[in-house]
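Values in this text are rule-based calculations from the coordinates and carry no lab data. Note that this is a predicted model, so its numbers are computed, not measured. Neighbour counts are summed over all protein chains in view; Cβ atoms, including those assigned to glycine, are modelled from backbone coordinates with ideal geometry.
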Amino acid sequence: MKAFLYALLAIGAVFNGLGAFALIRFPDVYTRIHGATKCTTFGSIFSILAVVIYGFARGGGEGGTLAVHALLALFFLLITNPTGSHALARGAHRAGVRPVGAVVDRLEEKR
Amino acid sequence: MGNMPFVVSMLLVAIGFLTLIARRNLIKLAIGISIIEMGVNLFLVSLGYVRGGIAPIYTYAPPEAKTMVFPTPQALTLTAIVIGLATTALMLAFAVVIYRHRGTLDAGKIRELRG
Amino acid sequence: MIAELGFLVAAAVLVGYVFVSMGRLAAGPTTPDRAVALDTINTLVVATMVLLGAALGQMVLVDVAIVYALLSFIATLYIARYLEGGLR
Amino acid sequence: MTALHVLTLTLVVVGAALAAWFRDLLASVIALAGASLLLSLEFYLLQAPDVAIAEAGIGAALTAAIYILAIRKTRPKEEE
Amino acid sequence: MLVHAPILAIAVPLLGAFSLLGVSYISRTWRNVWACLIAAFTSAMAVAVAIRAYTEGVVVYALGAASPTQSVTAGGFPIRIVLVVDGLGAFMGLIAALTGVVALVYCFQYLREEEGKNLGLSLLLLLWAGILGMVYTGDLFNFFVFLEVTSIAACALIGYRVWESRPPEAAFKTMAMYTLGGLLVLIAVGILYGEYDALNIAYLGKLIAGSPLDRLALGLLLGGLLMKAGAVPAHMWAPDAYGEAPAMATVVLVANTQAAIYAILRVVFTLYGGALASPGIGWLIASLGIATVLVAVLMAVVQRHLGRLVAYGAVSQLGYMLLAVGVGAVARGGFGEVALTGGIFHMINDAAAVGLLFLVVGAVRRAVGSVDLLSLGGLGHALRWEAGFFLLGALALAGIPPLNGFASKFLIYESTFRASPILAALALLASILLLAVVVRAFQGTFLGPRVREASPAPRGMLVAMGILALVIVVFGLFPGFFIERIVAPAVQAVLTGREAYLAAVLGG
Amino acid sequence: MKRWLFAAALLVLAGYLLGGSAWLRPFGGPIRSEMDRYFIENAQAEVAANNVVTAIVFDYRGYDTLGEATVLFAAVVGVVLMLRKVKG
Amino acid sequence: MSVVVRTVSRVVAPVALAFGAYVIMHGHLTPGGGFQGGAVVASVVALLVVAFGAERWRKWTHALLPLEDVGAMAFVILAFLGLGATFFRNVLAGSGGLFGAPVPRLGPNPGALNTAGTLPLMNWAVGLKVIAGLGAVVILLSLFGREDG
């Protein structure tokens, strides 16, 4: 049980770290959005799942509350995070930020 | 860490002062005042912290904990936060109206605001 | 319990990542870069808050994380809308 | 715990300093929102969930929205 | 009912301000009637509180307790917010009531419906309630809250004429200064709370020992309040605000700055009266006061905007009050008592004289549409009453003998002379210069050949001006009576009333 | 000139505040605590609220909250006043 | 904004409204209260404004300002209720009836919704006021300058 929780936490920490690393190392806005959002969302799933499992295992009124609220937070995170990054990518494209090294821009052609 | 939160809150206040001094844009001045407000709020809340205390809420409080952090500064800070928001909103409304009249937000270019 | 210490360490690691994201916020050549950094910080802070709620053993604290998860993207939407040239 | 406090407080100061330092208003507001977010985390660490929620709702969402609206309303016309 | 008078004087105008917009949906007449009822009730309550405070001693009202006088718990320390009205607070309440009623009477015909009169009336009531809350409260944080109420309501009123470019700018500037001052006060409240875990002024006054942090808090409180009052290093907002605000708001704004002076008195004499009663603070305030007087008068000489000219006159009067407060804090008794008598009496005189001038300026602006001295002239033919009122106000402002300004200024000169002859000479010089300035303004505005037509002010506005003119004349004719009846208790409350204040709140 | 004076005053003040924060008692160890102890011990019995902060905000210091609601009301009225359309 | 954002807003807005109501309603039990819940709901108004454009909500301002009046007046009147003893006296606490129950037990407990006297009512009043006020500010600020280009 404890090892399982630690594994979840470790996965979460690693993926969040990858997200932050992507934010620093990637060359342009779009790759940064891609890397950062995907990795942090994925990592947060595992981190919060650890808390949820911990809460259910603890049981009782407080453990259940903890688990349900953590699940709720996870749910909102899962809904809002991709939406925000989508809107941001769209806004960046409209604002005229070019991808680095792009040869063709299909989104621009379609308009 | 000694009293690092106090020092940090006063550092925030100092940063806000620097913003007020160094920048002439009206919205930037509002941002500076917001930073000062953040510093003051942090100051008030950290005044109420008691080492090892839990949040002053009895619902599902851990039964083994004995001390609670002080609730009064939190109540004061709530009031201060809302006052800060009200101030910010009003200042920004002024800034928007000034821009409509003058076409600029540079305090140095607006005669009334110089000096 | 040892598990609580694990949550605490994980939270500390996440806060460390916030430092890295703050670097992008400071450096980011364009505004979208900074907005991405803000978005990342949001996610990391929400995860941190949930972990800390478990680590400190106080259930009521997790409500803060929910509020963040709900509201943090509104600022992102406003920035995106600004960049799109909306909000006239 | 102490390490968390120190890290968060440092981040708050960095965010506020960035907000004061940027000349671009939008970047400044983004940094301010980030500082406000981390301030809320610090309130959370200081066991003040009421204040943290207020700072979250007001500092992160509403203040940023109001600031961005005001910046949009005061952008020079030729900069479209 | 009279037991609840202190809180009713604050809560009723708040309720009135909240409900005014709703009532205005019914009809404008009902809205006006409602506002008048609120104003009458509020001023009646303020007078009732004053009578109680003058006759029975300090009035205490604990909010939310089982009974109004139960201000402390079993442990002997105050928990709830306490309203405390001593002689000084009662006196300030009277000033607030006077200016509020005058402003309300004036603004019914001064504001136009299509400009947003509902909002203006509502903000005026809020500002009024905020001033009353500031002067009646006995709690430091609550004082800050009401400071912010007055700040925001005042700034919104300053920017009332949004269709011109300058009012919003003046409002922004004022807002920045007010907010900065308020935040300094808040930091001071935080420091005192952190040291003593108390927020009640009386309890803090008992505890404060004069440590370095207490000194820092005192400096912050004084700095914030001087910013709010518009003393010299931070006076830039005041002329803009006074010059651009609608006239009825300016009258209440004057009362607002005086509430800041009241707070300085409260801080120096009640909060810090036990521990840090050194004359150094007094000298600091007095020198700031004389600097304010000189700078304001010199700036008034070069103005060509009538509103700003009168505004600088108002700032200079503020300097006189600060001078009196400083001299009072230097001596604390003896000639300090004379100085405080002069200073506190000057508050109500200043509210009347400066208020009257601003009301006349507002009437001129309404009649002519401009207040540029170069384009005015000869208005005395059309605006007879206004010309008379302006002359009366100007002479009272400059301290010409039969009027009320003379009595209070004479006391200030006399006591200042005993503290420092140079300061008194400078103050006297500034007063003469001010006389020249206002007489020139009067001549430039009202005398000379008739150059244009102007419609005189409607009757409501004239009534408001008449009330203030009556105050000026009556107070000038019988200064001794009023000093003895309403000013002396306030002075005693400041100088020797500290023990009574503490005992009334903390019991025994 | 005036502006530089003001700037110098603010800078001196900031220095004093930074110094003062070092004089303050150590973080987390308040010296006096009678008022807050009263609140923590009696809020449940007197106000019947589990959240002590809410008990203070709306009961013990409810008058502050009234003032603060007034501030918000005044600000909203002010914003409406600023952004209104003026006829004529 | 794009279809994605609008769709997500349609999902998030009701949930956030419910959560805001929860925060207001449980103000005396869990962290939160009138201001915090009001801020959450006002943020939802900001979300709607940004997602669907401000023009759709123009008529709301006429409803929001009276609503703010109602909230503020309800708060003051609740405070006036205590005038039998003193202003702001919590007359309902411990009186039985609506919200008059004592807490289940002193010390840590799961909490009961019908406690705390006038506090929940005041929470609702302040919440209404904050929602209406801040929502009106956001809508007005985003509508400013629209009509004359």
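Computed quantities for the displayed model
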{"read-out": "C-alpha long axis of helix E:459-477 to longest principal axis of chain E, angle in °", "value": "60"}
{"read-out": "Mean ellipticity per residue at 222 nm, deg cm²/dmol - from DSSP H runs of n ≥ 4 across chain E, formula -39500 (n - 2.57)", "value": "-25500 deg cm²/dmol"}
{"read-out": "Span-like helix ranges in chain D, DSSP H, alpha carbon extent 27 angstrom or more, Kyte mean at least 1.0", "value": "D:2-21, D:25-45"}
{"read-out": "The stretch A:3-21-the stretch F:8-67 distance, computed between alpha-carbon centres (Å)", "value": "38"}
{"read-out": "Nearest 10 degrees, 0 to 90: helix B:72-102 Cα axis against chain B principal axis", "value": "10"}
{"read-out": "Cα-based reach from A:LYS2 at 14 Å (exclusive), listing aspartates and glutamates while leaving out same-chain residues under 8 positions away", "value": "C:GLU4"}
{"read-out": "Cβ-defined net charge surrounding G:PHE88, 11 Å radius [Lys, Arg +1; Asp, Glu -1]", "value": "+1"}
{"read-out": "Inter-centroid distance (Cα atoms) of the stretch G:61-135 relative to the stretch E:172-209, Å", "value": "28"}
{"read-out": "Cβ-based net charge around F:ALA55, under 10 Å, with every Lys or Arg adding one and every Asp or Glu removing one", "value": "-1"}
{"read-out": "Kyte-Doolittle mean at least 1.6 and Cα axial length at least 24 Å: DSSP H helices in chain C", "value": "C:2-27"}
{"read-out": "Projected-area average for the protein assembly as shown over all orientations - Cα convex hull basis, square nanometres", "value": "40.7"}
{"read-out": "Using alpha-carbon coordinates, inclination of helix E:404-419 to the longest axis of chain E, degrees", "value": "50"}
{"read-out": "Net +/- balance of residues flanking G:LEU128 in space, Cβ distance below 13 Å, scoring K and R +1, D and E -1", "value": "-1"}
{"read-out": "Size of the stretch F:30-88 as Cα extents on the principal axes (Å, biggest first)", "value": "61, 28, 14"}
{"read-out": "Chain E - Rg over Rh from alpha carbon coordinates, Kirkwood radius", "value": "0.96"}
{"read-out": "DSSP-defined antiparallel bridges as percent of all bridges, the protein assembly as shown, nearest 5", "value": "75"}
{"read-out": "Shielding by partners, peptide E:157-165 (average Cβ within 10 angstrom, other chains)", "value": "5"}
{"read-out": "Inter-chain shielding of A:57-69 (mean C-beta neighbours from other protein chains, 10 Å cut-off)", "value": "5"}
{"read-out": "Test item: G:122-128 mean partner chain Cβ contacts at 10 Å", "value": "3"}
{"read-out": "Among the listed pairs E:LYS173/E:LYS228; B:LYS109/F:LYS85; B:LYS28/E:LYS173; E:LYS228/F:LYS85; B:LYS28/B:LYS109; E:LYS117/G:LYS59, those beyond 19 Å (Cα-Cα)", "value": "B:LYS109/F:LYS85; E:LYS228/F:LYS85; E:LYS117/G:LYS59"}
{"read-out": "Per-bin percent of Cα-Cα distances, chain D [5 Å]", "value": "3, 16, 21, 21, 16, 10, 6, 3, 2, 1, 0"}
{"read-out": "Set of aspartates and glutamates with alpha-carbon distance to E:LYS206 below 20 Å, sequence-local pairs under 8 removed", "value": "E:ASP86, E:ASP139, E:GLU195, E:ASP197, E:ASP214, E:GLU499, F:GLU34, F:ASP36"}
{"read-out": "Inter-part distance where the stretch E:44-88 and the stretch A:29-87 are each reduced to a Cα centre, Å", "value": "53"}
{"read-out": "Loop GluC sites (Glu not before Pro), the stretch E:442-508 (other Cβ atoms within 10 Å of the site Cβ: 15 or fewer; DSSP)", "value": "E:GLU453"}
{"read-out": "Of E:PHE269, G:THR61, A:VAL97, farthest towards positive along the dipole that unit charges on Lys, Arg, Asp, Glu beta carbons give the protein assembly as shown", "value": "A:VAL97"}
{"read-out": "Mean Cβ count within 10 Å, highest first, over the residues of peptides C:52-61, F:19-28", "value": "C:52-61, F:19-28"}
